[in-house]
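**Q** I have a structure here, written as structure tokens, and I will follow up with some questions on it.
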Amino acid sequence: MGSSLTRKILQEHLISGRVEPGAEISIAIKQTLTQDSTGTMAYLQFEAMGVDQVKTDFSIAYVDHNMLQQGFENADDHKYIQTAARKHGVHYSRPGNGICHQVHLERFARPGDTLLGSDSHTPTAGGIGMIAIGAGGLDVAAAMGGQPYATASPKVTAVELRGQLQPFVTAKDIILEVLRRLTVKGGVGRVMEYTGEGVASLSVPERATITNMGAELGATTSVFPSDERTRQFLKAQGREADWRELQPDHDAVYDDRVVIDLCDIKPLAAKPHSPDAVEEVAAIGSIDVDQVCIGSCTNSSYQDLMRVAAIVKGKTVHPDVSLTISPGSKQVLSMLAANGALAGLIEAGARILEAGCGPCIGMGQAPASNAVSLRTFNRNFKGRCGTDSASVYLVSPETAAASALTGRLTDPTALGNPIAIEEPETFPADDNLVVPPAAPGEDVTVVRGPNIKEFPLNSALPETLECPVLLKVEDNITTDHIMPSNAKLLPYRSNIPYLAEFCFSPCDPEFPARAKAAGGGCVVGGENYGQGSSREHAALAPLYLGVKAVIVKSFARIHRANLINSGILPLEFADEADYDKVEEGDTLRMETLRETVAQGRFSLEITNKQLSIPVHCQLSPREKAMILAGGRINVIRQEQEGA
């Protein structure tokens, strides 16, 4: 039986375990990336490990999230990241150089390598043939320190692409079709591996659009083969030496398969408020549009923005629409400026934002009350845009541009003649905004501003735990629900005590006060708890407020790992119907915890109702050690003390 590309790359980097679905494996990490929303905490954790220099082949810190300088906080974080990076052997991508995933794809991603990033959309680099995985900052810090990354060996789903896309149908529509079929839970525990004749018709940036939004499936990562199109892209970037051909075996065996005929796909949109609420644009109808935002790590490539420029050339944005453009990188912005496309966008009425995440993470451009906003982004969770009452639709750049002109949601196939944008033979490869680490022996002072606080640490797991249910939430709770991310809070990413005051505020603004008054407790949730961003603040803020356990129907992968890294018990109902038996205010008691955690299954007593319900706590030996010690940092310190 032949091997999938996924298993070939995992096997090449395997440190321990067997590449069989469900078994825990540890893999060597060749590259890491951080961004400034998660980076400050990651470097604080790296420094806490006592490792002087990173052990990876290449590590880089990007500044692309916290770009609004409303006070000293963001600038202080950036200064800390820059100086810590310079001291410890990490490259530093300055503000303005671009969005981490777009820049990494252009300049640093390597086919066949492994990449661990403290951002859930790190799988973007799968478009170039990497195994690229999003993780919490502590996992990335450990990888920088030379530790392998441990995860459950995933199942591999073949997504077979047949045929070619019709005019004005895009890579964004492909991944929206996958989401429509599989839902936001359909990729959990899986790698989505793209195969078939249709792959060759897609450029590397188009492939990256698809792997980027694989995160919305809950997938561990997504990957494309490295082929002639990959070689052409790397050659144009001046990096042909980084290319190698990577393909699955001709008789590769997959755990399951999805077949998509590209010829049949129509322009699609994800309706509010979930990336899998997908319907054809034509079927949704001609609704009024107030705002159009084009960009993000999903759709900000040169090809994407050139198509937008071609659609709006010589025209004017509808007077009722605000159109913003966020280029993905300095490279993209420079190319648009050099060939005149940028001037055309400006003349049409587009507002040009800097090369960064911007509106995608609620960092500016919040829509008006009750507005309809079309965005080429990857998430449309309620309130993520900065306006709770707004309705956000996820669309392709072509749909977005056509709608910006008409003022109504518009199927771009009505535009007429197809738009052909050739891939450049060469890209301007100027890395002058990437600051290299210090030379050996150079003395570097790490600068910490007053907003940078110590991260919370847990204590060892007690034998008995009795605590109140502080909050009960429904299915598909996101990390945006647990620890909101917006322009007001992002400057405090390095200040957990301040952030904790807003923990679970979209669900219940009284949660922080109730948790502090109770001296901590536990949280109960439904399916797919913790989906969305990789931000470990969604574990650190509850930890700071004394949350000891989270009991749910099922967890999203990264958030579960972040809870374990923080020493918070991740429990799952043995019978999902028992979710209905637990209410906010109940008192839960767990005895002989250290023994029962080792066994993986025990009873949860609801003392005020005299009920006993079974729960699972399926942990690998490595995860058990972290839970027993009170978190990964404690384990690392114990190992160092025993060395």
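**Q** Report the full-extension gain for the segment Glu347 to Ser389: residue separation times 0.36 nm, less the Cα-Cα distance, to one decimal in nm.
**A** Details: separation 42, 0.36 × 42 = 15.12 nm, distance 3.10 nm.
Gain on extension, Glu347 to Ser389, equals 12.0 nm.
**Q** In deg cm²/dmol, rounded to 500, what helix-only [θ] at 222 nm does the chain give when every DSSP H run of at least 4 residues adds -39500 (n - 2.57) and the total is split over its residues?
**A** One gets -8000 deg cm²/dmol as the mean residue ellipticity at 222 nm.
**Q** If you average the alpha carbon positions of segment 1-25 and of segment 564-613, how far apart do those two centres end up, in angstrom?
**A** What the calculation gives is 34 Å, centre to centre.
**Q** Taking a point 7 angstrom from the Cα of Ala574 along the C-beta vector, which residues in segment 613-634 have backbone N less than 13 Å away?
**A** 613-618, by backbone N distance to the label point.
**Q** Enumerate the amide H contacts of Asp64 below 5 Å, restricted to partners 5 or more residues apart or on another chain; note that Pro and chain-start residues carry no placed amide H.
**A** Asp36, Ser37
**Q** Under the 0.36 nm per residue contour assumption, what length would be gained going from the current alpha-carbon distance of Gln164 and Arg622 to full extension?
**A** Length gained, Gln164 through Arg622: 160.3 nm.
**Q** May I ask you to derive the FRET efficiency for Asp261 and Ala414 from their Cβ-Cβ distance with R0 = 22 Å, giving the value to the nearest 0.05?
**A** 0.45
**Q** I've got another one for you. Can you sort Leu471, Leu305 from fewest to most other Cβ atoms within 10 Å of each residue's own Cβ?
**A** Leu471, Leu305
**Q** Once R0 is set to 45 Å, what does the formula 1/(1 + (r/R0)^6) return for the Cβ-Cβ distance between Ala241 and Ile287, expressed as a FRET efficiency to the nearest 0.05?
**A** Once rounded, the FRET efficiency stands at 0.35.
**Q** May I ask you to evaluate 6.51 cos²θ - 1.76 cosθ + 1.60, the Karplus curve with θ = phi - 60°, for each residue of segment 535-547 and list the ³J(HN,Hα) values in order in whole Hz, giving x for glycine and proline?
**A** 4, 6, 4, 6, 9, 5, 5, x, 4, 4, 8, x, 5
**Q** Also, I was wondering about something else. Report, in listed order, any pair from Lys155/Lys330; Lys185/Lys581; Lys8/Lys330; Lys87/Lys453; Lys30/Lys235 with a Cα-Cα distance greater than 26 Å.
**A** Table pairs above 26 Å Cα-Cα are Lys155/Lys330; Lys8/Lys330.
**Q** Along the positive direction of the dipole of the chain (beta-carbon charges: Lys, Arg +1; Asp, Glu -1; about the Cα centre), which of Ile606, Ala401, Gly630 reaches farthest?
**A** Positive-end residue among those listed: Gly630.
**Q** How large is ³J(HN,Hα), in whole Hz, for each residue of segment 509-524 in order, when computed from phi with the Karplus curve 6.51 cos²θ - 1.76 cosθ + 1.60 and θ = phi - 60°, using x for Gly and Pro?
**A** x, 8, 4, x, 5, 5, 5, 5, 5, 7, x, x, x, 9, 10, 10
**Q** Considering amide H positions built from the backbone, and no H for Pro or chain starts, which residues 5 or more places from Leu604, or on another chain, come under 5 Å of its amide H?
**A** Ile613, Val615
**Q** Okay, moving on. Can you give me the distance in nm between label points at Thr406 and Thr464, each placed 7 Å from the Cα along the Cα-to-Cβ direction?
**A** 6.8 nm
**Q** Could you name the aspartates and glutamates in cross-link range of Lys55, using Cα to Cα under 16 Å and dropping any fewer than eight places away on the same chain?
**A** Here the aspartates and glutamates satisfying the reach criterion relative to Lys55 are Glu47, Asp113, Asp139.
**Q** For segment 565-576, in order, what is each residue's ³J(HN,Hα) by Karplus, 6.51 cos²θ - 1.76 cosθ + 1.60 with θ = phi - 60°, in whole Hz (x at glycine and Pro)?
**A** 4, 8, x, 8, 5, x, 9, 10, 4, 5, 10, 4
**Q** Assuming 0.36 nm per residue, please report the length gained on full extension of the stretch Val447 to Val253 beyond their Cα-Cα distance. Could you put the intermediate results ahead of the total?
**A** Numbers: separation 194, 0.36 × 194 = 69.84 nm, distance 5.15 nm.
Full-extension gain reported as 64.7 nm.
**Q** In addition: Taking R0 as 45 Å, what's the FRET efficiency between Glu354 and Glu583 from their Cβ-Cβ distance, rounded to 0.05?
**A** Details: r = 47 Å, r/R0 = 1.05.
Taking R0 as 45 Å, the efficiency between Glu354 and Glu583 is 0.45.
**Q** To make sure I understand the rule: partners must be aspartates and glutamates, Cα under 16 Å from the Cα of Lys609, and not fewer than 8 residues away in the same chain. Which ones qualify?
**A** Glu466, Asp578, Asp580, Glu583, Glu584, Asp586
**Q** What is the order of His318, His65, fewest Cβ neighbours within 10 Å to most?
**A** Values: His318 19, His65 26.
Going from least to most buried by this count: His318, His65.
**Q** PRE reach from Thr596 (point 7 Å along Cα→Cβ): which of segment 426-462 fall under 16 Å by backbone N?
**A** 461-462
**Q** To continue, here is another question. What is the set of long-range amide H partners of Val258 at a cut-off below 5 Å, with H atoms built 1.01 Å from backbone N?
**A** Ala158, Val159, Glu160
**Q** Which of Lys516, Lys172 has the fewest other C-beta atoms within 10 Å, and how do the rest follow up to the most?
**A** Lowest count first: Lys516, Lys172.
**Q** Using packing as a proxy for protection, rank 551-562, 148-159 so that the peptide with the highest average count of other Cβ atoms within 10 Å comes first.
**A** 551-562, 148-159
Every number in this text was worked out from the coordinates using simple rules, so none of it is lab data. These numbers come from a predicted model, not from an experiment. All Cβ positions, even for glycine, are placed from backbone atoms using ideal geometry, and neighbour counts span all protein chains on display.
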